[in-house]
1. Work out the FRET efficiency for Arg255 and Ala193 from their Cβ-Cβ distance, taking R0 = 56 Å, and round it to the nearest 0.05.
2. Among 143-149, 224-230, how do they line up by average Cβ neighbours within 10 Å per residue, starting with the highest?
3. Let me see the P(r) profile for segment 189-251: every Cα-Cα distance counted, bins of 10 Å, each bin given as a percent of all pairs.
4. Which residue fluctuates the most in the chain, going by a Gaussian network model with Cα springs under 10 Å, if the choices are Gly208, Gly240, Gly98?
5. Please identify the DSSP H helices in the chain that span no less than 27 Å along the helix axis (Cα) and have a mean Kyte-Doolittle hydropathy of -1.0 or more.
6. First select every other residue whose beta carbon is under 14 angstrom from the beta carbon of Glu40; then total the charges, Lys and Arg +1, Asp and Glu -1.
7. Taking every alpha carbon pair in the chain, what does the distance histogram look like in 20 angstrom bins from 0, in percent?
8. Could you tell me which residue out of Ala310, Thr144, Ala320 lies farthest along the dipole of the chain toward its positive end? Charges go on the beta carbon: Lys and Arg +1, Asp and Glu -1, centred on the Cα centre.
Amino acid sequence: MGGDHAPISVLDGAQLFCARRPAARLRLHGDGAQIRALLESRPAARAGSSVHPAERAVAMDAKPSQALRQGKGTGMWNMLVDVEEGQAQAAVSAGNTGALMAFARLRLRTMAGVDRPALIANWPTLQGFTSVLDAGANLEADATQLAAFAIMGEAFHRARHGVQRPSVALLNIGAEELKGHEEIREAARVLRASNVDMDFRGFIEGDGISHGVVDVVVTDGFTGNVALKTAEGLAKVMAGFLRAEFTRDGMSKLRALIARPVLQRFRARVDPRQANGAVFLGLNGLVVKSHGGTDGEGFAAALEAAARLAEARFMTEVEANLARFSRAPAAAEPGAA
């Protein structure tokens, strides 16, 4: 029941997902009567789903503290209980992000070696996709937390995008070793001193994200969210510029008609729905956050991301690497003998 266009966009996504994956099974939590009525016109989703009525839903504008007080009995809460109890391998929601994080931390807890979960997002680049974290779960992160983000992000990218040895870098204001604040420099030292097998490339600047210089970019949630929202805004502006130029006059419209196949490929390549589905990493369970304003195609992409990660069992790898990281010697201070 979460999202700007729920439950229709969610059930449209369920219909697309179940049609593509007929062996998959969904457990739908929310207004039972409303969901069952809408499933009548969505046969694949009806066949692949079970409906589990919930007493109420979390409002999209509810504060996390407010949501926690009414959490038990909501569809979002019940969905996470499913994961906790093994009834489902992953939870997917387009609802209130803050409430989802608060509920997930309470029900699923964090993995050993993880102080705070991180939100990882798929970023379209010239090379395909780059995984960026944290995308907004934590405003600040110290060196140890950033190093843990790198370990989780590397395992995620391998499972989600099939890259056997993903390259990893820390987002910084320059590539030089002395650039950036102490936390980011210390995170680099921690990663280099760890005994985790990782293709760590050091620092990357902001323009390197969209060029796909590395597979995984690590930063704190404040910086990551600002960068992500800035990129989304720029993409919309560029699309608006193209639309304005191709509809300026009759000749421009004719050129648009001729260029239509190219424009359609361009649109598909930058379509944010294909990258929909940010994952909370570091929890004892898979939780995927869909964009609240997405449509059925976008929600289906979030469901597909959850399914692929569940099949890859990447959490076992994350746990093993975090255990090795926790046993690694502390990084030496610069200039220490």
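Read-outs throughout are calculated quantities, based only on the coordinates presented, and are distinct from any laboratory measurement. Every value quoted in this text rests on a predicted model; they were computed, and no experiment measured them. All Cβ positions, even for glycine, are placed from backbone atoms using ideal geometry, and neighbour counts span all protein chains on display.
1. 0.45
2. 143-149, 224-230
3. Percent of Cα pairs in each bin: 16, 34, 25, 14, 8, 3, 1.
4. Result for the chain, Cα springs under 10 Å: Gly240 fluctuates most.
5. Span-like helices in the chain: 221-246.
6. Within the 14 Å Cβ shell, the charges total +2.
7. 30, 54, 16, 0
8. Comparing the listed Cα positions along the dipole, Ala310 ranks first.
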